[in-house]
Structure formats: structure tokens, C-alpha cells
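Data block below; observations after.
The values are calculated or read from the model by the stated rules, or taken from the named source; none is laboratory data. Since this is a predicted model, take the numbers as computed values, not measurements. Please note: Cβ atoms are built from the backbone with ideal geometry, for glycine as well, and neighbour counts cover all protein chains shown.
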Amino acid sequence: MNGLVMGAIYALSAAGVSLVAGVMRVINFSHGEFYILGAYFSYYFSVSLGLNPVLAAVVAMGFLFLIGLFIERTLIRSTYGQPMQSMIITFILSIVLQNIALISFGPYPKKPPAFSEDSVHFIGDFNYGIQRLIAGSSSLFLFCLFYLFIKKTRFGLKIRAVAQDPQMAEAVGIHSKRIRLVSFGLAVALAGAAGVVLSPTFPVVPTSGEPLTLSAFVVIVFGGMGSIRGCLMGGLLLGLAENFGSAYISTMYSQVFGFILLIGIILFRPTGIYGNKI
């Protein structure tokens, strides 16, 4: 159960990385910092301002979307076509955001109110926390909404067109700058959503985003660079690998198991499960 829940959250977060990499050709090393900002905003809106936890989560994701629009317009747009420059910019941005979080919220763990403290009985002696079920199901629901948006809407069609051939998309009247702007905002919101659903279970500190960034890159390699479906398969695969490894070997090496699996994927199927389709 933990593997499936964490896998769904990994998939949601990795979808943002995949979107930015596929549409903008940008490797975003600051992705995990948007995860912690989503958690911190949710904490602030629910604890300090007294908003309902669900409303606080929605408002936090909206704020992250606007922040993503601002960052794309001011920092990322000038780096298109220059992958090394974009990597340097996003790496510096990750350090800046970590320090902003440290100054604003302090070094101690913060945890938004849980949606539920109860557990549900399955079979025998097995009970599972409702909060974790909410986190997993919410992540899966948001991921499905995102997938349907990309596959079934006119704007999603434009996103895929820009990802496949930006010059041809411009030639048929698609405003690629606007598409990239919204895509980056969506990617940041997805990272924030992962922080919103996971932080009531695992409190965050300013450096909590680093492992999630690494996990997101592992997931998109598993699934195939640029593949949205691959994010779900890769996320579930990574979540199960980490949790089975922790259960049967040691929790101290939980992240190692995912990277061992990553080496195997690179060796035997370097294009990932779904190749490079978006």
C-alpha cells in the first residue's frame, strides 16, 4: 500500500518534470523546491489563516501556478535553446528557493493539518491510515485530470504540437511562447500538489525537495522521457521498489533500490517503458 501511494505521488510530481522537458526542453533542477513551497503554503493558509485544509490546498496550488508563470517569464524564457544555461539557472533557483523557505518558515519541520487521523480496516489485522489513502487517491485523481487535459482538450493538443515540432506549431498559428508559459505554470502546480498531499503525512523542511527532484528524474527515465503515461508506470515502479526494499532489506537504503532499478532500465531499455512519446 505504501508503495502504491508513494508511486502515485511520484507520478504526479514527475508529470511536471516531463511536461517541462518535453515542451520546453528544459531540465528543471528546482522542481523539488516547488514541492516544499506547496507544502508550506498549505501549512500557512490552513494554520495561520485558518482556512479549511481542502480550500488551503487548492489556494496553495493556485499560488504555485502563478509563481510558475512569473518564473518562466522572468528567468526561464531567455534560456530556450540553451540547455546548459537553463540547468544552471534552475540549479541556482533551487538554492534561492531553499533559502527563502528557510528564512520564511524556519528550519523546523512543518506539517499542515491532516484531512483525517483515522484508519480503515481491510482484512485480518491490516489497518491503513485514511490520510495516506487520501494522499494516494488525490494524486491519482489529479494525475488523471492532467492526462485527460493533455490528451483530450484543444489546449492539450497545442501543448503536444509544440513538444513535437515548435517551428511547425508556430507555422500553423500556435503561440508557442504562451504554451510554454502555461506549461511551466502547470508543472510548478503539479509539484506543489505533490507537496500538498504528502506533507500532512511527512512534514517538510527547506531541503525536503532534493530527494523528490531526484525521484522525479528517475521516474521519467523509467517511463520514457516525455511520456505522460510513463510517469504513472515509472512512479508506481519506483514506489514499490523503494518500499519492498525497505521492508525486506533496510529502510536506510530506501532510495538506493530505486537507483539500482534505474541502472537496470538504462542498461536493458534506455528509452524507458514508453519510449519518448508524449
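A quick yes/no check of all residues on (1) without any contact (Cβ under 8 Å) to a residue 12 or more places away in the chain; (2) surrounded by 19 or more Cβ atoms within 10 Å (Cβ to Cβ); (3) closer than 22 Å to V197 by Cα:
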{"site": "K110", "(1), (2), (3)": "no, yes, yes"}
{"site": "A114", "(1), (2), (3)": "no, no, yes"}
{"site": "S119", "(1), (2), (3)": "yes, no, yes"}
{"site": "F143", "(1), (2), (3)": "no, yes, yes"}
From V5, V17, V47, V23, residue being surrounded by fewer than 23 Cβ atoms within 10 Å (Cβ to Cβ) and outside any loop (DSSP other than H, G, I, E, B): V47
Within segment 149-158, is even one residue without any contact (Cβ under 8 Å) to a residue 24 or more places away in the chain and among the small types (G, A, S)? yes
Failed condition for L102, given (1) assigned to a helix (DSSP H, G or I); (2) loosely packed, with under 15 Cβ neighbours inside 10 Å; (3) at pLDDT below 90, with all others met? (3)
Of the residues in segment 73-99 that are in a helix (DSSP H, G or I) and small (G, A, S), the one that is farthest from the chain's Cα centre (by Cα) is S78
Of the residues in segment 52-61 that are without any contact (Cβ under 8 Å) to a residue 12 or more places away in the chain and part of a helix (DSSP H, G or I), the one that is farthest from F143 (Cα to Cα) is L55
Look at Y108 and say whether it is of a type in the set (S, T, Y), over 18 Å from the mean Cα position of the chain (by Cα) and on the phi < 0 side of the Ramachandran plot. yes
Right, F29: out of contact with any Cys (no Cβ under 7 Å at 6 or more places or on another chain), at negative phi, in a helix (DSSP H, G or I) and among the aromatic types (F, W, Y) or not? no
Apart from one, (1) more than 13 Å from V197 (Cα to Cα); (2) among the polar types (S, T, N, Q); (3) surrounded by 14 or more Cβ atoms within 10 Å (Cβ to Cβ) all hold for S42; the odd one out is (1)
Would you mention how many residues in segment 67-118 are touching a Gly at 6+ places or on another chain (Cβ under 6 Å) and closer than 22 Å to S46 by Cβ? 1
